[in-house]
Amino acid sequence: MSPTTPPPPGTGDVVAGAGPIGRRRFLALLGAAGAAVAVGGRLRPAGAQTPPVPNGYVVAWPDGVIAGDPTPDGTVLWTRVEPPAGAEPVPVTWEVAADDAFTSIVAGGVAVAESSADWTVKVPVTGLAADGWLHYRFLVGADAGPVGRLRTAPPAGTPTASLRFGFASCQQRGTERVAQRAASEEAGLDFFVHLGDYVYVDDGATVSLDDYRGVYHAFKGDARLQQLQATLPLVAMWDDGEFRNGIDRTEDPARRLAAETAWFENMPVEAPGGDVGRPYRTVAWGDLADLFLIETRSRRDPELDDDAAGASTAGRTCLGAEQKAWLLDGLRSSTARWKLIASPTDIAPWANLDPSKRGFGGWDDYAAERDEILGVIAAEGIEDVVFLCGETHVFIAAHLMPSDDPGGPAVAFAFTTGSQSADPDLVRSAGGDAYAATQGFVNVGFGSTLLNPHQTYVNLVNFGYTVVQVDECAVTVEFRTVNVYDPDSRAQTLARFRVAHGATRMESEIADIPALSAPDPSRTIPSPFASTGLSAVPAAVGGVCPLPAAPSAPQPVAPAFTG
Ligand SMILES: [Fe+2]
């Protein structure tokens with residue numbers, strides 16, 4: 001693209017597509033283009049003036065930098081600058097380079113930070129080479145901010161061998177962000193998914209747009225979170241922590257709009273058509289995986305009462321009609337091997353230990369709609385569907401069957417990640433003997449798998465995140481934990497699960513339960529859960545994966561109950 005040709009609308013590129021250039025040349029081109037100015041991620045028409053840096057402005061980047069939603073030719077770059085004393089617009093240069101010294105720049109331009117978007121800058125970058133890592137940064141004048149890494153996705157539909165990503169939910173303040181630091185050190189991740197409760201608002205006091213903005217500022221100031229977000233692209237979805245506890249479709253429209261606006265301002269996500277009510281979308285990874293990100297809060301009917309065991313859920317919706325149609329159409333038309341569905345709300349049924357109460361599973365209040373989705377998957381033979389969930393603060397691995405065949409083959413699988421932070425820490429809040437409390441909650445989790453035979457694993461004790469390795473012939477899921485009270489804690493694997501292409505049962509390899517929040521984190525509770533062990537990841541022969549092995553019977557393990 002010639003620097004004197006106005007870029008097409010909707011791109012943030014000034015020099016992308018011209019091949020890498022040196023920084024001096026880049027700055028000269030910017031000066032010549034003078035024109036191509038992005039505002040809040042949108043380009044001003046050619047001829048618009050870049051405002052000067054405000055007099056006396058002290059440059060700062062209080063919330064770090066983020067690259068979001070990889071596409072085959074781009075990403076969304078995000079930062080927020082320190083508000084200037086006089087509230088004048090601040091020109092922010094952005095650069096994408098092949099090297100972290102920014103000597104070989106492949107794209108760049110100028111955006112303008114303004115009070116109307118709370119001094120955030122969001123640039124949708126296109127025109128980058130597919131399937132690669134690049135570096136990016138923002139500058140005001142000559143003052144550069146932190147350097148981040150961005151990822152582009154493989155070209156749409158092309159043969160792709162591997163995808164590896166982390167996902168998490170529920171990051172509370174007031175504890176060290178140990179899980180975030182550990183995740184930033186994971187080898188080989190392509191991006192990190194946050195399924196919501198990225199912030200927890202004050203239900204009584206967070207109401208206006210400025211209130212919601214303030215919550216993001218408070219949460220985003222953390223250095224470990226900034227480290228994770230500069231290291232890995234972020235793929236984000238909201239849950240109720242971003243609104244208020246238990247939000248549904250009856251929420252006050254003004255409060256809901258304030259929460260949605262602040263979320264879009266603060267996340268590296270472009271609202272389709274500017275509709276801040278529509279965050280659901282797909283991230284595609286070549287021919288290997290389509291990741292459907294669904295929104296499970298602002299369209300749902302109100303939750304049932306706790307005592308509503310056995311209440312009819314017919315006609316009740318979690319997704320809303322439009323989103324449900326979008327998801328089912330996407331599943332039907334996907335040509336990717338793996339259909340991954342990121343659902344902030346736990347999808348699997350979870351019968352309550354007290355049968356007079358409604359189920360613990362987030363979708364149990366919308367069981368008819370869940371059954372409709374699983375019914376489509378079963379009836380239309382849609383293979384290789386894996387749900388990735390959050391919200392519960394409990395690690396769960398479960399098989400998903402239509403309700404008319406609960407003992408039959410699984411038509412999909414669900415892996416739910418535990419909380420990133422102590423929120424609440426069940427072991428600590430139980431008080432008394434930490435090991436007795438740990439053992440007690442291990443027993444509760446094991447008891448849940450007896451009551452819910454579709455569950456393979458339930459861990460209420462540990463905190464952390466989950467790593468997903470997607471290969472052509474299998475998906476491998478690892479639950480990872482850290483001691484959230486030790487800033488230097490290293491992540492360890494709680495359990496590993498494998499779903500082979502076409503499989504109707506998962507395989508499992510389950511470790512003893514580390515008592516990580518107890519005084520001696522080296523102690524463990526023997527695992528009561530049955531493991532099958534993992535077979536090797538099958539290799540495709542001539543592009544065809546071997547048939548999955550017949551499901552092996554779980555190895556019985558004597559529960560190590562001590563009390
Ligand atoms: Fe949460």
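Here are the numbers for the structure shown:
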item: Meets criteria (away from the ligand (no atom under 16 Å from the Cβ), of a type in the set (Phe, Trp, Tyr) and assigned to a helix (DSSP H, G or I)) for PHE264; result: yes
item: Among residues of the stretch 59-76, those that are touching a Gly at 6+ places or on another chain (Cβ under 8 Å) and assigned to a strand (DSSP E or B), counted; result: 6
item: Test set (1) buried (at least 21 other Cβ atoms within 10 Å of the Cβ); (2) of a type in the set (Val, Ile, Thr); (3) modelled with pLDDT under 95 - VAL276 fails condition number; result: (1)
item: Within the stretch 180-203, considering residues that are β-branched (Val, Ile, Thr) and in a loop (DSSP other than H, G, I, E, B), the one nearest to the ligand (Cβ to nearest atom); result: VAL199
item: Pair list, Cβ under 7 Å, 6 or more apart: the stretch 163-187 residue closer than 19 Å to ARG151 by Cα and not assigned by TED's automatic domain parsing to the domain that holds THR417, other residue within 13 Å of the ligand (Cβ to nearest atom) and of a type in the set (Asp, Glu); result: none
item: Selection from the stretch 148-178 of residues that are within 16 Å of the ligand (Cβ to nearest atom) and outside any loop (DSSP other than H, G, I, E, B); result: PHE167, ALA168, SER169
item: Pair list, Cβ < 7 Å and 6+ apart or interchain, from the stretch 389-408 residues that are over 30 Å from GLY464 (Cβ atoms) and β-branched (Val, Ile, Thr) to residues that are part of a loop (DSSP other than H, G, I, E, B) and away from the ligand (no atom under 16 Å from the Cβ); result: none
item: Selection within the stretch 204-243 - in contact (Cβ under 8 Å) with a residue 60 or more places away in the chain, within 13 Å of the ligand (Cβ to nearest atom) and of a type in the set (Phe, Trp, Tyr); result: TRP238
item: Options THR476, THR493, THR456, THR504; residue that is within 20 Å of LEU388 (Cβ to Cβ) and in a loop (DSSP other than H, G, I, E, B); result: THR504
item: Which numbered condition ASN443 fails, given (1) away from the ligand (no atom under 15 Å from the Cβ); (2) crowded, with 24+ Cβ neighbours inside 10 Å; (3) closer than 25 Å to ASP364 by Cα; result: (2)
item: Every residue from the stretch 385-411 that is within 20 Å of the chain's Cα centre (by Cα) and either more than 13 Å from the ligand (Cβ to nearest atom) or in a strand (DSSP E or B) (or both); result: VAL385, VAL386, PHE387, LEU388, CYS389, PHE395, ILE396, ALA397, ALA398
item: Residue match in the stretch 349-368 (condition: outside any helix (DSSP H, G or I), touching a Gly at 6+ places or on another chain (Cβ under 7 Å) and buried (at least 21 other Cβ atoms within 10 Å of the Cβ)); result: yes
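Residue-wise test of (1) outside the structural domain of PHE395 (by TED's automatic domain parsing); (2) among the charged types (D, E, K, R); (3) in contact (Cβ under 8 Å) with a residue 24 or more places away in the chain.
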residue: VAL276; (1), (2), (3): no, no, no
residue: THR282; (1), (2), (3): no, no, yes
residue: TRP285; (1), (2), (3): no, no, yes
residue: GLU303; (1), (2), (3): no, yes, yes
residue: ASP307; (1), (2), (3): no, yes, yes
residue: GLY315; (1), (2), (3): no, no, yes
residue: LEU319; (1), (2), (3): no, no, yes
residue: ASP329; (1), (2), (3): no, yes, no
residue: PRO344; (1), (2), (3): no, no, yes
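The values are calculated or read from the model by the stated rules, or taken from the named source; none is laboratory data. This is a predicted model, so every value here is computed, not measured. Glycine gets a Cβ as well: all are built from the backbone with ideal geometry, and neighbour counts include every protein chain shown.
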